[in-house]
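Here's the structure we're looking at; comments come further down.
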Amino acid sequence: MTSTQYSERFLNFVQQQLMSFQADQELEHVVVYVARSGESGSPTLEVVGQWPKSEKFLQPVETDTALRTPSSNRRWYPLQEGSILLGVIRAERFATEEEWRESLDQRLQSMSILMANSLASELDRKRLLDQLDDQKEQISLMVHQLRNPLAALGTYAKLLLRKIGPESENENLVKGLMNEQAQVNKYLSALDQLSQVKLPQADDGSNRLLLPPLLPSETYISVKSLIEPLIERAKARANLQGRNWYGPSKWPLWMEAKSISEGVIAEIVANLLENAFRYSPPKASIGIEVIEEGICIWDEGTPIKEEEREKIFQKGFRGESGSKMSGSGIGLALARDLARQLGGDLQLLVDPSKFKNSLPESGNAFVFNLEPK
């Protein structure tokens, strides 16, 4: 790891520490070395900073013949983390027979401690960045490997659709497979972007979407078109589990139009549907209803206990019904956070009929309002 591989922040810190000796009349030269493996694998100490600044190239310690001669005007201060030597500071003073001033020695010792802590953090940063680069490379390779079988699944589904014909009762099942294949392909495209682009960190502490973002090639998309595959997936899952499933009675106009937040709304719906299936009793009915004011995902399960109705929106909280199931307890917290980012809110009703009178009077209804009441 040469000096060009260190962060600008670390190198500036080194130079600032060295510049603090400008007013000291005793010191002639101070050099900071960092330990690393040489080309042959043997350890070496390379220069990362010196005072006074000079364009002159300084050799590594082991090849600098001038350092082989002992001198009472030279002192070494180790940069250590525990028992590990990370580097050293070499301090040279102008030739004199006097003893080293104690205050100067203490300053150099203090600087070595500060420098060691900073260097340890810098090495950790480099190690984490290397690991991140390796992970990105692995993701890119995995995406590449997954595209072929995914494309084959799409091809087989199209051939099957052609074989069974448009009148077959299984046509919707095959189309559902094709829709899921297209959705997985979006995930892969999003993963591919993550492996190649350095994404900026959100500066407002907001959560990132779990669903793939809209890709640049998609020039038009509506909320309805994003939610319909989620509904079809829920319908198939309910059928497989022997549940009653109830879809929307009609689609409001706002769901037909393009929205700047369609991906976020789909994310909220996906989280709420997953929770409904995971935490409601096995035979409880599940449904989704949409009106002009918002969206409701409901189930006919046992109403959530009153003391848990707000706590379930806290990150990491697991209610009684989910305490024995695997999961991180962040689904509802994420959904509410996203809803509020849109200027709306997410609330729990234990009487779904309060959202719409055709819904059951008892159960759990998670209501996403587009605008706060």
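The values are calculated or read from the model by the stated rules, or taken from the named source; none is laboratory data. Here the structure is a predicted model, which means the values were calculated and not measured. So basically every Cβ, Gly included, is an ideal-geometry build from the backbone, and we count neighbours across all protein chains shown.
Is it the case that Q106 is polar (S, T, N, Q), in a helix (DSSP H, G or I) and without any contact (Cβ under 8 Å) to a residue 12 or more places away in the chain?
yes
Could you please let me know if L141 is surrounded by fewer than 16 Cβ atoms within 10 Å (Cβ to Cβ), modelled with pLDDT of 85 or more, assigned to a helix (DSSP H, G or I) and not hydroxyl-bearing (S, T, Y)?
no
Anything in the range 138-184 that is of a type in the set (S, T, N, Q) and either farther than 19 Å from P229 by Cα or in the same structural domain as E228 (by TED's automatic domain parsing) (or both)? List them, or say none.
Those that are of a type in the set (S, T, N, Q) and either farther than 19 Å from P229 by Cα or in the same structural domain as E228 (by TED's automatic domain parsing) (or both): Q138, S140, Q145, N148, T155, S168.
Which count do you get for residues in the range 1-45 that are assigned to a strand (DSSP E or B), of a type in the set (D, E, K, R) and modelled with pLDDT of 85 or more?
Number satisfying all stated conditions: 1.
Among the candidates L211, L240, single out the residue that is crowded, with 16+ Cβ neighbours inside 10 Å and at pLDDT below 85.
Matching residue, one of L211, L240: L211.
Pull up the range 280-316, narrow it to residues that are out of contact with any strand residue (DSSP E or B) (no Cβ under 7 Å at 6 or more places or on another chain) and crowded, with 20+ Cβ neighbours inside 10 Å, then point me to the one that is nearest to W254 (Cα to Cα).
Selected residue: V290.
Are any of the residues in the range 41-58 more than 22 Å from E8 (Cα to Cα), of a type in the set (G, A, S) and in contact with a strand residue (DSSP E or B) (Cβ under 6 Å, 6 or more places away or on another chain)?
No, the range 41-58 contains no residue that is more than 22 Å from E8 (Cα to Cα), of a type in the set (G, A, S) and in contact with a strand residue (DSSP E or B) (Cβ under 6 Å, 6 or more places away or on another chain).
Looking at the structure I just gave you, is A284 in a loop (DSSP other than H, G, I, E, B) and either hydrophobic (A, V, I, L, M, F, W, C) or free of Cβ contacts under 8 Å to residues at least 40 places away in the same chain (or both)?
yes
In the set G329, G263, which member is outside any helix (DSSP H, G or I) and either at pLDDT 90 or above or assigned by TED's automatic domain parsing to the domain that holds N369 (or both)?
Testing whether each residue is outside any helix (DSSP H, G or I) and either at pLDDT 90 or above or assigned by TED's automatic domain parsing to the domain that holds N369 (or both) leaves just G329.
Here are some conditions: (1) in a helix (DSSP H, G or I); (2) modelled with pLDDT under 80; (3) buried (at least 17 other Cβ atoms within 10 Å of the Cβ). N271 meets all but one. Which one does it not meet?
Checking N271 against (1) in a helix (DSSP H, G or I); (2) modelled with pLDDT under 80; (3) buried (at least 17 other Cβ atoms within 10 Å of the Cβ), the one that fails is (2).
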